[in-house]
Amino acid sequence: ISGVPLNTAGRLVARFFFYLSCIPLFVISRSLGFPGRRALVPLILFLASPIYLFWSRQFMNESLPVFFGLAYVASVLTWEKNQSAVSLLLSLFLGAIAALSKSTTYATFGLIACLILGATLLRKRKLTATWLLQSATILLIPLLVGAGWVVYSDHIKSLNPLAAGLMTSSAQGRWYLYSGWTQFASKDLWN
């Protein structure tokens with residue numbers, strides 16, 4: 001629509017979400033109790049990270065799931081403090097979008113959300129049934145949405161004879177987890 005070349009547009013979107021990630025990072029820092037300007041330290045480390053800087057310039061979707069994952073964690077921390085309906089719905093929405101944008105990236109942020117709510121459960125010990133139900137919902141709905149998407153996308157991939165044996169989640173999982181030490185130690189892999 002804008003006439004911007006596709007490669008440039010993809011890189012601009014990736015860079016936009018990279019910088020937009022500073023907002024949930026700041027919310028997370030403040031929620032964790034970083035006082036004053038110390039809340040900027042995680043942002044500075046994020047903005048100075050060579051890995052994030054490099055990948056945020058690529059025409060890839062990496063910055064998008066990182067943004068939504070950070071926003072999910074920030075919304076879970078906000079809900080954990082105020083338990084408002086808006087925070088609950090925002091957590092569900094952002095978690096589902098994070099899971100849909102990239103399930104492997106979401107797994108890390110989903111685990112962080114689980115640890116946050118688990119720590120609250122251990123710290124407070126006497127929580128209401130409503131809190132427990134809402135916590136489970138915050139964790140399970142994005143997980144189920146992501147799992148449903150993986151099942152659907154695997155079905156679509158299985159219709160393509162070139163992708164069926166290589167690109168499904170089960171085939172990729174075998175490659176990631178069970179490729180063997182010889183492949184993992186391969187000079188070609190590390191190059």
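The values are calculated or read from the model by the stated rules, or taken from the named source; none is laboratory data. A quick note: this is a predicted structure, and the numbers were derived from the prediction, not measured. Please note: Cβ atoms are built from the backbone with ideal geometry, for glycine as well, and neighbour counts cover all protein chains shown. Surface areas here come from the heavy atoms of the whole protein model, side chains and all, with no ligands, DNA or RNA. Shrake-Rupley method; radii C 1.70, N 1.55, O 1.52, S 1.80 Å.
Assorted remarks:
- A 1.4 Å probe run over the protein chains yields, for segment 46-114, 47 Å² of accessible area per residue, whole-number rounding.
- Segment 1-18 residues near the modelled S153 label - backbone nitrogen below 15 Å, point 7 Å along Cα→Cβ: none
- Among F109, F68, F54, residue whose mean-square fluctuation peaks in a GNM of the chain (springs only between Cα atoms under 10 Å): F54
- Portion, in percent, of the accessible area of segment 78-123 that falls on carbon or sulfur, probe 1.4 Å: 76 percent
- Seen against the Cα atoms of the chain and their longest principal axis, helix 63-82 is set at about 20 degrees.
- Listed options for Cα extents along the principal axes in Å are (1) 54, 36, 29; (2) 53, 50, 29; (3) 52, 43, 36. The value calculated from this structure is the one marked (3).
- Computed from Cα positions, the angle between helix 129-158 and the longest principal axis of the chain comes to roughly 10 degrees.
- The helix-based estimate of mean residue ellipticity at 222 nm for the chain, built from -39,500 (n - 2.57) per DSSP H run of four or more residues and divided by its residue count, is -24500 deg cm²/dmol to the nearest 500.
- Extension reserve of the A9-A185 stretch, reckoned as 0.36 nm per residue once the Cα distance is removed: 59.7 nm
- Counting only lysines at least 8 places from K124 when in the same chain, those with an alpha carbon closer than 18 Å to its own are K81.
- Between segment 107-147 and segment 23-99, the Cα center-to-center distance that results, in Å: 17 Å
- Rounded to the nearest 10 degrees, the angle from helix 22-31 to the longest Cα principal axis of the chain is 40 degrees.
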